[in-house]
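Student: If you scroll down you'll find the structure; I have some questions about it.
FYI, it's all coordinate maths here, none of it is from the lab. Values in this document were obtained by computation on a predicted structure and should not be read as measured data. No Cβ is skipped: glycine too gets one built from the backbone with ideal geometry, and neighbour counts run over all protein chains shown.
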Amino acid sequence: MSTLHRLKQTVSTRIQQRPVTQAATSRIAPDETVPVNFTVNGRPATVHVAPRVTLSDALRDHLGLTGTHIGCEHGVCGMCTVLVDGDAARACLLLACQLDSAEIMTVEGLGKPEDLHPLQASFGKHHALQCGFCTPGQLMSAYDLLDKDPGIGRDELPEQLSGVLCRCTGYRNIVDAVAEVAETHPNGLPAPRNCAATELLPRASVGGPSRSAVGVDEVDLEGIAEIRMPQAEPTVSIAVHQQVRAEPQQLWSVMSDTERLARCLPGAELVVDFGNDRYKGRVQVALGPVKLAFLGDIHVVERDETTHTIRALVQAADASSGNVQAEVVVAVDAAGSGSAVRADARVHMTGRIAQFGRSLASDVSKDMFGQFTAALDAMARGEEPAEVKPPSALAMTLRIPAARVRALLNRIRGRN
Ligand code: FES
Ligand code: FES
């Protein structure tokens, strides 16, 4: 069956006949999730998704593989084309829970910037992309076509590639690019370049929280890498002080217990304790409907009981929004009948998260710190702290113009 026919037939019969994961067929609440184990670009991955979550959303939102673009979400445009068990398929029409044990290849598996697949190189050479939105779908569709029919003639290409629409209408150059690869590799398409080499990162979002896309066991075995802070100036420097009722020694009893301390931080949880004051942890920050879920490493490099000071290095990533590295110092001094809690942080951001800008990052940090010190104070005085919640857009909208928040959210939510 040709690629065109496979694509126009929504999803192939072989894929349609895959058994749905057993958990997904039992009665579960709408916000519950089921685990799905599959292989993505040669690496095992587990996602925890609601049964209604599509493969395209699972790839993008749970594994951070945003190379799979979403256009119509109705099986019409072909932008979301990936390979499932070796066949081209529209990821927007497949439920992730259909794909337990499937082998999936996305455009990220095809090649990497320093080692492009011949198809990718040819697209560049022939200027076969304008805005680039359809390009991942075009590449995966072309890969499937030439993989199964390497000797295909140029005349057949326009029809065979018509399963993926290009809104920029640059079809002539796309055909030129694919034709050159077909002509230069008449006996078979070179293997993908980047399978089994892509780090998959989890992200909690669509269809309920995803505890970990790679699995805690795998994290457990890996330990954490040495954290090295960049030499450059930080993106944001934060210094906040707050007066609390608890005495320094009471606060220190919580600060010296990392598990209790983590419970004071809004949206945070410790995932793994590696010993030697090294941890894997997760923090969620909600920006309106957008939830950023950072998973990363924490190393407490200094605990000084005399000065009631702890210093920690953190590096974390949100799969679709970027990376954060931070050096955080929290210190407590006696002040009046209680204490003054001081937090200083030097935060380096890369990726979309850097679009927050200094003022917004500072607002979010202050919001978090306010909740943190209140919870720390309550716990130190033996009270059950009020629930600490991830900082929300609400607090920010009180401080900054609504138009700025809207513009920011649109940028952060924008799909690649
Ligand atoms: S987004 Fe899947 S076919 Fe259009
Ligand atoms: S290059 Fe813009 S949609 Fe195809």
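Student: Excluding D277 itself, what net charge comes from residues whose Cβ is under 10 Å from its Cβ, given Lys and Arg +1 and Asp and Glu -1? Could the numbers behind the result be given before it?
Tutor: Details: positive: R278, R303; negative: D273, E302.
Result for the local shell: 0.
Student: Which distance in nm do the two modelled labels at Q231 and D344 give, with both placed 7 Å along the Cα-to-Cβ direction?
Tutor: 2.2 nm
Student: Once amide H atoms are built 1.01 Å from N in the peptide plane, which residues 5 or more positions from F274, or in another chain, come under 5 Å H to H?
Tutor: Y279, K280
Student: Using packing as a proxy for protection, rank 102-113, 253-264 so that the peptide with the highest average count of other Cβ atoms within 10 Å comes first. Intermediate results must be reported in sequence, preceding the final value.
Tutor: On the way: 102-113: 21.2, 253-264: 17.2.
Put in order of decreasing packing, that is 102-113, 253-264.
Student: In addition: First measure r as the distance between the Cβ atoms of T184 and E32, then evaluate 1/(1 + (r/R0)^6) with R0 = 35 Å and state the FRET efficiency to the nearest 0.05. Don't jump to the answer; show the numbers that get you there.
Tutor: Working: r = 50 Å, r/R0 = 1.44.
My answer for the efficiency is 0.10.
Student: Also, quick follow-up: List, in order, the whole-Hz ³J(HN,Hα) value for each residue of the range 227-232 obtained from phi through the Karplus relation with A = 6.51, B = -1.76, C = 1.60 and θ = phi - 60°; use x for Gly and Pro.
Tutor: My calculation for the range 227-232 gives 9, 10, 7, x, 6, 5 Hz in order.
Student: While we're here: Using Cα positions and a limit of under 17 Å, work out the aspartates and glutamates in reach of K112, with same-chain residues fewer than 8 apart set aside.
Tutor: Straight-line reach from K112, under 17 Å: E199.
Student: While we're on this one: Mind giving me the nanometre distance, one decimal, between the label points for E383 and E259, set 7 Å out from Cα along Cα→Cβ?
Tutor: Calculated label separation equals 2.5 nm.
Student: In percent, what relative contact order does the range 29-185 have, based on Cα pairs under 8 Å that are 6 or more apart in sequence?
Tutor: On the way: 279 pairs, mean separation 36.0, N = 157.
In percent, rounded to a whole number, it is 23.
Student: In addition: Applying a 10 Å radius around every beta-carbon, put 145-152, 229-236 in order of their mean neighbour count, most first.
Tutor: Details: 145-152: 17.5, 229-236: 12.9.
For the peptides 145-152, 229-236, the packing ranking is 145-152, 229-236.
Student: What's the extension gain from L116 to A374 if we count 0.36 nm per residue and subtract their Cα-Cα distance? It would help to have the intermediate numbers written out before the result.
Tutor: Numbers: separation 258, 0.36 × 258 = 92.88 nm, distance 5.18 nm.
Length difference between fully extended and current span is 87.7 nm.
Student: T169 to A191: FRET efficiency via 1/(1 + (r/R0)^6), r the Cβ-Cβ distance, R0 30 Å, to the nearest 0.05?
Tutor: Numbers: r = 32 Å, r/R0 = 1.05.
Once rounded, the FRET efficiency stands at 0.45.
Student: Can you figure out the FRET efficiency of K148 with E73, using R₀ = 30 Å and their beta-carbon distance, to the nearest 0.05? Don't skip to the answer; put the middle values down first.
Tutor: Details: r = 26 Å, r/R0 = 0.88.
The calculated FRET efficiency here is 0.70.
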